[in-house]
Amino acid sequence: MKTIGVLTSGGDSQGMNAAVYATVRSALARGMTVYGIHHGYKGLIDGEVSRMSAKSVEGIIHRGGTVLGTARCLEMKTPEGQRKAVATLRKYGIEGLVVIGGDGSFQGAKVLSTLYGIKVIGIPGTIDNDLAYTDYTLGFDSAVAVVVNNVNLLRDTMSCNDRTCVVEVMGRDCGDIAMFSALACGAEAVCIPEKEYDPDALVDVIKHNASVGKYDNIIIVAEGIRSDGTLDKGHEADKVVNDILRRLPDLNIRGMVLGHLQRSGDATVYDRRLGIDMGVHAVNCLAEGKTDRVIGIRNDAVFDEDMLTALAKKKQFNDRVYDLANSLAKY
Ligand code: ADP
Ligand code: F6P
């Protein structure tokens, strides 16, 4: 393979830049021509393409966001949009495409390969860690670090005011950011979509802690918690605060939403290494003529797997982390 492209798509995540860096540098080292496609599938449709050099990925390994830009693009789901995307690929002679994004982005890649014969390799870039086939996705470790660092800051003021704080974190329908960060910062309680939301249980924790002289609590709530069978993203912190106040009207409590901070700031060393390993692996796959593969990591080893097989997998809930976070939080 002589010419490849790389794009980032969907929600950005730390580690995407490390993957772009490694894709570009390792492809150049193989003598390939590399094009960067800007703003994901939107840029592919609109022809936003630039030739990548070693210099163009200088100094980006650590940076959050993505230097290629990203977008969500409904047009890519239409046959017309897909034809325009393929026309751009043909114009630049791009035979293979590295797509860095989540499962939605992989669906777009699948269309390009199935209907138009483009060779595609997916690298999992999303802070949500919601892809079953891989232990970790790019950005998850960094997002958890942002949550933990911010909760550490919050503790200073919450503890001296004997105050409880409900902290809402991202993750869509996946509770991994919430429960891994709850474990790492010793949160007093955690609510995740995979478990039934029970405000009475939170009140029990707060009452019990008060009975042993502890009046400040951090409660981490995933944005996707379900109550009444509905998903109610974006308002969980307020909702949980109100549910608790209805039961404990005099409680000193606040809510906060960490929001897009979780996708910002430098990538952790883990995400940098993962991005680099995955970028190199993706280029190796293309060089071997492989297509429809996604890159993952399991037991610290990077691998590639058939895209559809990988996407059909159902995520195993990590009981161990959830149980540890809850049991160690007890006073
Ligand atoms: P993520 O990749 O993080 O899961 P999205 O679900 O928003 O994010 O998907 C990113 C983009 O991938 C979409 O905006 C769209 O351009 C493309 N995409 C998603 N699903 C499909 C599909 N079924 N067919 C073609 N393109 C798709
Ligand atoms: O998928 C990554 C993610 O950050 C989710 O955790 C969150 O629900 C969503 O993207 C936010 O999307 P946007 O950046 O479009 O507001």
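How much length, in nm to one decimal, is gained on full extension between His260 and Thr114, taken as 0.36 nm per residue of separation minus their Cα-Cα distance?
Full-extension gain reported as 49.1 nm.
Spin-label point model (7 Å from Cα, Cβ direction): what's the Glu288 to Asp300 distance in nm?
2.2
Among 33-46, 247-260, 1-14, how do they line up by average Cβ neighbours within 10 Å per residue, starting with the highest?
In descending order of packing, they fall as 1-14, 33-46, 247-260.
Given points 7 Å out from each Cα along the Cα-Cβ axis, report the Asp238 to Ala184 separation in nanometres with one decimal.
Taking the simple label geometry, Asp238 and Ala184 are separated by 2.9 nm.
Taking the number of other C-beta atoms within 10 Å as the exposure measure, put Cys185, Cys165 in order starting with the fewest.
Starting with the residue having the fewest Cβ neighbours, the order is Cys185, Cys165.
Which length gain, in nm to one decimal place, applies between Thr33 and Ser53 when the Cα-Cα distance is subtracted from 0.36 nm times their residue separation?
Between Thr33 and Ser53, full extension yields 6.3 nm more.
If R0 is 35 Å, what FRET efficiency do you get for Leu74 and Leu245 from their C-beta distance, rounded to 0.05?
Here the calculated transfer efficiency is 0.30.
With a Förster radius of 30 Å, plug the Cβ-Cβ distance of Lys315 and Asn149 into 1/(1 + (r/R0)^6) and report the FRET value to the nearest 0.05.
Once rounded, the FRET efficiency stands at 0.70.
What pairs in Lys119/Lys315; Lys42/Lys77; Lys239/Lys315; Lys77/Lys313; Lys55/Lys290; Lys42/Lys91 have C-alpha atoms more than 20 Å from each other?
Lys119/Lys315; Lys239/Lys315; Lys77/Lys313; Lys55/Lys290
How far is it, in nm, from the label point at Val203 to the one at Cys160 when both lie 7 Å from their Cα along the line to the Cβ?
3.2
Once R0 is set to 51 Å, what does the formula 1/(1 + (r/R0)^6) return for the Cβ-Cβ distance between Ser327 and Val67, expressed as a FRET efficiency to the nearest 0.05?
Between Ser327 and Val67 the formula returns 0.75.
At a 10 angstrom cut-off on C-beta neighbours, averaged per residue, how do the peptides 16-26, 108-118 rank from highest to lowest?
Packing proxy ranking, top to bottom: 16-26, 108-118.
The numbers here are math on the coordinates, done by the rules we state, and not lab data. Computed from a prediction, not measured in an experiment: that's the story for all the values here. Backbone-built Cβ (ideal geometry, glycine too); neighbour counts: all protein chains shown.
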